[in-house]
Amino acid sequence: MSDDQNSLRAGERGPTLLEDFAMREKIFHFDHERIPERVVHARGYGAHGYLECVDPVTDLTRAAPFARKGKRTEAFVRFSTVAGNLGSPDLARDVRGFAVKLYTEEGNWDLVGNNIPVFFIQDAMKFPDLVHAVKEEQDRGWPQAQSAHDTFWDFISLMPESTHMTLWQMSDRTIPRSFRFMEGFGVHTFRFVNADGESTFVKFHWKPRQGMQSVVWNEAVKINGADPDFHRRDLYAAIEAGDFPQWDLGVQVFDEAFAEEFEFDVLDATKLIPEEQVPVRVIARLTLDRVASNVFAETEQVAFMTQNVVPGIDFSDDPLLQGRNFSYLDTQLKRLGSTNFTQIPINAPRCPVAHFQRDGHMQMSRQEGRANYEPNSLGGDERGPRADVDNGYTSVPREEAGQVRRVRSETFADHYSQARQFWISQTDVEQQHIVAAYGFELGKCEDPAIRTRMLGNLRNVHEDLAQGVADELGMPLPEANPAAIEPRTDLPESAALSILRNGPDSFAGRKLGVLVTAGSDGALVKAIEDAFTGAGALVEYVAPAAGPLKLKGGRKLVPDHAVVGAPSVLFDAVAVVPSAEGAQELAGRKTARDFVDDAFAHQKFLAWSADAQPLLDAAGVTPDDGCPELTAGTVAGFLAQCAALRHWERPVQD
Ligand code: HDD
C-alpha cells in the first residue's frame, strides 16, 4: 500500500469510501482477533523444552519417551491458574495447572495435571457445578479469580469429598513463588503398558529441581498490585537468562494387588498414594529452554487433551478422568473453532499423520489422492491408514461388568482421613498458614451458615484445625458434620506433603533486591553482587529514582527499579545498603519504609549496612537473627542464610 496512515475518502474532509478494501481488511481482521478464553485455566503461560529419559522403563511401558536413556522428546508446557480470566493476576490463591504436551514419534501425549495431587470432586458430573461455584457469582459478576466468596464455600461445605483438596488449596501450594518452584501431578491413576501388552498402574509426579517455594499471603496480595504478571515474567526472565527450570518426572508404579489392599480406592481422585507407601521413581527430566515466540499462536492456541495418549499409556476407570476424556476434545472445538485445530503448528504431531479425517473449516492439509475411505484398492502403494495390530494403539483388554446405574462406589466414601494426614504432615508454620487461609476465605463469606457448615467439616479433619479456624473467625465450634465413614486417625505423617520440608538447599534461581542510593559503598555492593550471582541468584538494584547514580568508589550504576515501582515483595531476600545521606532521605519516604517493613514482616532475610540504621528505625524494624549487618566479611554468611528462604522464627505480624 502506498499509505497505511489514512483511509480512502472522497474529499479531504469527506466520508470514507466502501471501496477502501485495505481499511476494510485491516479492521475486519482486527475485529476478529479474539477467541473465547478457556472456560477454566484461562490465565496461563507456556514455554518449550524437552523431556530426557534418565531411566528407561521398557519393562513397564513401551511409551516412546522412555525407550532408552538419554532419549529426548520435544515438549511444550503451559502453567495456569484455574478460576481467573485471561487478564487476572498471577498470584491469586488458586490451584495451578501444569499441562505438558510431549511430541513423541508415535503422536502427542498430553499429561494435563495440576500442582496438587488430588482434586475437589470424584465424578466429572460435578465439574460444571464446581466451576460455577468458584467463578464470579452470576448475579453480580464478582469476585474475579478468587475462591473467597459465598458460592464457592457454599458448594464446598456441601461436598465433603472436597475437604481434602481444600487443605491443599488453603496451604501455600496455591500461592507459589513461581511456576519454577512448584510440583506437578498427573493426579489420576493411569496405566503403563509394555510391549507384551502387560499393564501396571502408574501415577505421575513432576518434582522441581529448583526445590519448592511459596510466598506468604500478605505478599501475594501485594504482588498482585505491584506486578500482576509476576509468574509469567519470572518464567520468561529465567529462560531468557539461560537459567532453564527443570523437573524430574517420577512415577509411582503399582499393581492390582496393591490397589486391592490400599486403604483407599486408587480410582478416587480425591486421594493420593503416600510416597512412603509407593516410592516415586525418577525416570526422566523435563527442561524448559525456550519461551514461546508468539503467545497467541502457541500458549493460547495450544490444545491439551487428556485423551491424547500414545502406545504404552492407557487410562484407568477413574470417573473424573473418563469425563475429562470427553470434555477436552469438546472444548477445543468451541475455543479454536474448527475440528482441524490439530493442524495448528503448536498442536500438530511431529510424526507422520495418516487418517481419513477430511475437510472442515480451515483445512490446511492438501490431502491428495483419490481414495479417502478405508479399505480401498485405488490408492496404489500408499492405500492410506491401515490397522497395525503390532504397533498401533491397543486399549488394555479388561473385563467390566455390573448394573448400569448412577452410583458412587462405597470405596469412595472416606472424605476426611487423608485430609487429616495432610494436616499432621505440615510444619507448624504451614499449619498456621492453612488456618489463616481458611479464616480469610470463610471470613469473606457473608452467610454465617456457610462458615458453620465448613467448620463442621473441619472438625472431622482435626480438632486443632477446626478450633484454629473458629478462632480466626471469632465463632464457636459447631458439632462435627455427620461423616459417611468414620474418619481414620491412624494414617502416619508423610514428609513429602510439606513444602517447607522439601525446600531448596541454596538461593540459586532466587532474586535479591538491593536498595542503594548515590554514595552507597561500591565495594560492599560489588561483594554482594559477586557472591549472589556467583551462587546462581539474580541481583536487582532498587534506588530512589530510575536514573543512573554513582556509588562511593566511582561505579556508575543504572538501577533496575525505582523504589516506588519495586516493593520488596518482588524479591526473595533484600539488602539495604544506602549511603548515610541516602538513608536519611529514604527514611522520609513511605515506599522505602514499606520496602524494609514488608521484607521484615514477610519473614525475609534482610541484610543492612550500618549506614542504613535511620531507615530501619523509621520503618520500625529491630534486626533479629535473620537480619545480619553487612560488611565485606559477612556477605558470605548472609548468602548461606538465604538458602533457607525465610526466617520463619520471626513472629508473624498481620
Ligand atoms: Fe481440566 C483445562 C487440569 C478436571 C475440563 N484442566 C485444564 C487445564 C489443566 C487442567 C491444567 C489447562 C490446560 C491448558 O493449559 O490449556 N482438570 C485438570 C486436572 C483435573 C481437571 C488436573 C482433575 C484431576 N477438567 C477436569 C474435569 C473436567 C475438566 C473433571 C470436565 C469434566 N479442563 C477442562 C476443560 C479445559 C480444562 C473445560 C478448559 C480449557 C481446556 O480444557 O482446554 O475442558
Legend entry - Sites Asp59 and Phe326 - FRET efficiency at Förster radius 22 Å, r taken between beta-carbons, to 0.05: 0.10
Inset, instruction - Quote the charge dipole size of the chain about the Cα centre in Debye, to the nearest 20; the model charges only the Cβ of Lys and Arg (+1) and of Asp and Glu (-1). - result: 1560
Legend entry - Extension gain, Val353 back to Ala495 (0.36 nm per residue minus Cα-Cα distance, nm): 46.6 nm
Legend entry - Nearby aspartates and glutamates by direct alpha-carbon distance to Lys203 (threshold 13 angstrom, same-chain neighbours under 8 apart not counted): Asp255, Asp268, Glu275, Asp314, Asp318
Inset, instruction - Give me the percent of the accessible area of the chain that comes from carbon and sulfur atoms, probe 1.4 Å, all protein chains in place. - result: 52
Inset, instruction - Between beta-carbons, use under 12 Å as the cut-off and find the net charge around His433, counting Lys and Arg +1, Asp and Glu -1. - result: -3
Inset, instruction - Please work out the Cα convex hull volume for the chain and give it in Å³ per residue. - result: 225
Legend entry - Over 28 Å (Cα to Cα) - which of Lys126/Lys334; Lys552/Lys590; Lys71/Lys271; Lys444/Lys511; Lys511/Lys590 fall in this group: Lys71/Lys271; Lys444/Lys511
Legend entry - Kirkwood Rh, Cα atoms: Rg over Rh of segment 371-483: 1.42
Legend entry - Under-5 Å amide H pairs with Ser214, H placed in peptide plane, nonlocal only: Arg177
Legend entry - Cα coordinate range in segment 209-286, projected on the principal axes (Å, largest first): 52, 30, 18
Inset, instruction - Pop the C-beta distance of Glu585 and Phe258 into the FRET formula with R0 = 56 Å and round what comes out to the nearest 0.05. - result: 0.30
Inset, instruction - Please list the non-local residues whose amide H lies under 5 Å from the amide H of Ile313, H modeled 1.01 Å from N, same-chain partners needing a gap of 5 or more. - result: Val193
Legend entry - Inter-site label distance for Lys26 and Met364 at 7 Å from Cα along Cβ, in nm: 2.7
Legend entry - Burial order of peptide ranges 337-345, 102-110 (average beta-carbon count within 10 Å, highest first): 102-110, 337-345
Legend entry - With DNA, RNA and ligands ignored, accessible area of Glu52 (1.4 Å probe; Å², nearest 10): 50
Inset, instruction - Over segment 36-172, average the accessible area per residue using a 1.4 Å probe and give it in Å², no decimals. - result: 30
Inset, instruction - Take the alpha carbon atoms of segment 524-559, find their center, do the same for segment 309-346, and report the distance between the two centers in whole angstrom. - result: 49
Legend entry - Spacing of the two label points (7 Å from each Cα toward its C-beta) at Glu240 and Arg555, in nm: 2.3
Inset, instruction - May I ask you to derive the relative contact order of the chain, considering only C-alpha pairs under 8 Å and at least 6 residues apart, and to give it as an integer percent? - result: 12
Legend entry - Length gained when the stretch Asp229-Ala546 is fully extended (0.36 nm per residue, less Cα-Cα span): 112.1 nm
Legend entry - Distance between modelled label sites at Lys444 and Arg408, nm, 7 Å Cα→Cβ extension: 2.6
Legend entry - Within the chain, helix-based [θ] at 222 nm, where runs of 4 or more DSSP H residues each add -39,500 (n - 2.57), nearest 500: -8000 deg cm²/dmol
Inset, instruction - Please list the non-local residues whose amide H lies under 5 Å from the amide H of Glu136, H modeled 1.01 Å from N, same-chain partners needing a gap of 5 or more. - result: Ala145
Inset, instruction - Using per-residue counts of other Cβ atoms within 10 Å, averaged over each peptide, order 122-132, 517-527 from highest down. - result: 517-527, 122-132
Inset, instruction - Please give the peptides 56-63, 93-100, 5-12 ranked by average Cβ packing (other Cβ atoms within 10 Å per residue), highest first, as a rough proxy for protection. - result: 93-100, 56-63, 5-12
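The values are calculated or read from the model by the stated rules, or taken from the named source; none is laboratory data. Note that the structure is a prediction, hence the values are computed from the model and not measured. Methodologically, a virtual Cβ is constructed for each residue, glycine included, from the backbone with ideal geometry; neighbour enumeration extends over all protein chains shown. For accessibility, only protein heavy atoms count, side chains too; no ligands or nucleic acids. Shrake-Rupley method; radii C 1.70, N 1.55, O 1.52, S 1.80 Å.
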